[in-house]
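The next block holds one structure in the form of structure tokens; read it before the comments.
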Amino acid sequence: MKNYQIYKNLAWLNELPNVEAAAVFRKCCGSREWARRMTEGRPYPLLENLFAAADNIWFRLSQFDHLEAFAAQPTIVDAPTTSVSKELAEASRLYEEKFGFIFVVSASGKEPAEMLAICRARLGNSVETELRLAAEEQRKTTETKLNELLEQ
């Protein structure tokens, strides 16, 4: 029954008017160009087609488009205030100060302490390395949001 609902939602997404589809895709990834290309790529007959297109489009976008998507992400420090979340907020601030964009990590299933360790480790990276890592983390987040959309 779950697969039926997922494919019913995929059909709904395929049939939306372009403006509405772009808005739905934009909720999954904050890049306007990614949402536009995903909208233009419809219809997606199978889930595999949707996810393959999402990845292919994402990795063909410009750095500007990636930074736009990063900026649309909620900050990971919106969690209840604890000593770890305070440290994570500070590490995230240092990260943004160093790299010029927010700390992007696929937070699904991660505790604040794990995200703190990841952020601290990534602070030693070059900007080029961080752009690649953040792009991959954004890809994972987009995939999670697409899954959530289809499973509603």
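The values are calculated or read from the model by the stated rules, or taken from the named source; none is laboratory data. Nothing here was measured: the structure is a model prediction, and the numbers come from that model. Here the Cβ positions follow ideal geometry from the backbone for every residue, glycine too, while neighbour counts run over all protein chains shown. For the accessible areas, the whole protein counts, side chains as well, though only heavy atoms, and no ligand, DNA or RNA atoms are used. Shrake-Rupley method; radii C 1.70, N 1.55, O 1.52, S 1.80 Å.
Here segment 61-71 is the region considered, the condition is being of a type outside the set (A, V, I, L, M, F, W, C) and within 15 Å of the chain's Cα centre (by Cα), and the residue that is most open to solvent (accessible area, probe 1.4 Å) is Q63. Applying the criterion of being of a type in the set (S, T, N, Q) and touching a residue at least 24 places away in the same chain (Cβ under 8 Å) to the residues of segment 6-26, the residue that is farthest from R37 (Cα to Cα) is N9. Has segment 114-133 got at least one residue that is in contact with a helix residue (DSSP H, G or I) (Cβ under 8 Å, 6 or more places away or on another chain), in a helix (DSSP H, G or I) and of a type in the set (G, A, S)? There is no residue in segment 114-133 that is in contact with a helix residue (DSSP H, G or I) (Cβ under 8 Å, 6 or more places away or on another chain), in a helix (DSSP H, G or I) and of a type in the set (G, A, S). Consider segment 1-27. How many of its residues are more than 22 Å from A72 (Cβ to Cβ) and either among the polar types (S, T, N, Q) or in a helix (DSSP H, G or I) (or both)? Qualifying residue count, segment 1-27: 13. If you filter segment 28-56 down to residues that are assigned to a helix (DSSP H, G or I) and surrounded by fewer than 14 Cβ atoms within 10 Å (Cβ to Cβ), you find that the one that is farthest from the chain's Cα centre (by Cα) is E40. Evaluated against (1) open to solvent by less than 70 Å² (accessible area, probe 1.4 Å); (2) not in a loop (DSSP other than H, G, I, E, B), K86 falls short on exactly one condition, (1).
Quick check, is E143 within 13 Å of the chain's Cα centre (by Cα), open to solvent by 60 Å² or more (accessible area, probe 1.4 Å) and closer than 30 Å to N49 by Cα? Considered against the rule, which asks whether it is within 13 Å of the chain's Cα centre (by Cα), open to solvent by 60 Å² or more (accessible area, probe 1.4 Å) and closer than 30 Å to N49 by Cα, E143 comes out as yes. Checked against (1) at pLDDT 95 or above; (2) assigned to a loop (DSSP other than H, G, I, E, B); (3) within 12 Å of the chain's Cα centre (by Cα), P74 meets all criteria but (1).
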